[in-house]
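Read the structure below first, then the notes.
The values are calculated or read from the model by the stated rules, or taken from the named source; none is laboratory data. Just so it is clear, the model here is predicted, and its values are computed rather than measured. Don't worry about glycine lacking a Cβ; one is built from the backbone with ideal geometry, like all the others, and counts go over all protein chains shown. Just so you know, the surface numbers come from the protein's heavy atoms only, side chains and all, with ligands and any DNA or RNA stripped out. Shrake-Rupley method; radii C 1.70, N 1.55, O 1.52, S 1.80 Å.
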Amino acid sequence: MFTLAAELKMTVAELGDRMSSRELQEWIEYQGIVGCLDSRQRGDLAAGIVASTVANAHRSSRSQSFTPQDFMAYVEKPKQSPHQALEKLKRERGIK
């Protein structure tokens, strides 16, 4: 909700007052289709694509390829499914 509120230039409280739960769910579905709604992150990705293209054009054939994420100041980490989170917790605690 914080990202959406920031993009819509309002506080989270204002967003909660002005938006129905149905519309919020539609925004969540829309984000699932188009990706991150944070315009700063989209700008970082665009800059990362350009930077990695230039860097890859000038790298040696023996060096590893660059990705856009190598040049992004902030990269959104993929979310874990509940099952993945549980399995990670079990591994960390030594539970089989």
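What the table below lists for this structure:
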{"item": "Residue 24 being touching a helix residue (DSSP H, G or I) at 6+ places or on another chain (Cβ under 6 Å) and either surrounded by 12 or more Cβ atoms within 10 Å (Cβ to Cβ) or in a helix (DSSP H, G or I) (or both)", "result": "no"}
{"item": "Which numbered condition residue 73 misses (of (1) open to solvent by less than 70 Å² (accessible area, probe 1.4 Å); (2) not in a helix (DSSP H, G or I))", "result": "(1)"}
{"item": "Unmet criterion (only one of (1) open to solvent by less than 80 Å² (accessible area, probe 1.4 Å); (2) at pLDDT 90 or above) for residue 46", "result": "(2)"}
{"item": "Test: residue in the range 31-41 that is over 22 Å from the mean Cα position of the chain (by Cα) and either of a type in the set (Phe, Trp, Tyr) or not in a helix (DSSP H, G or I) (or both)", "result": "no"}
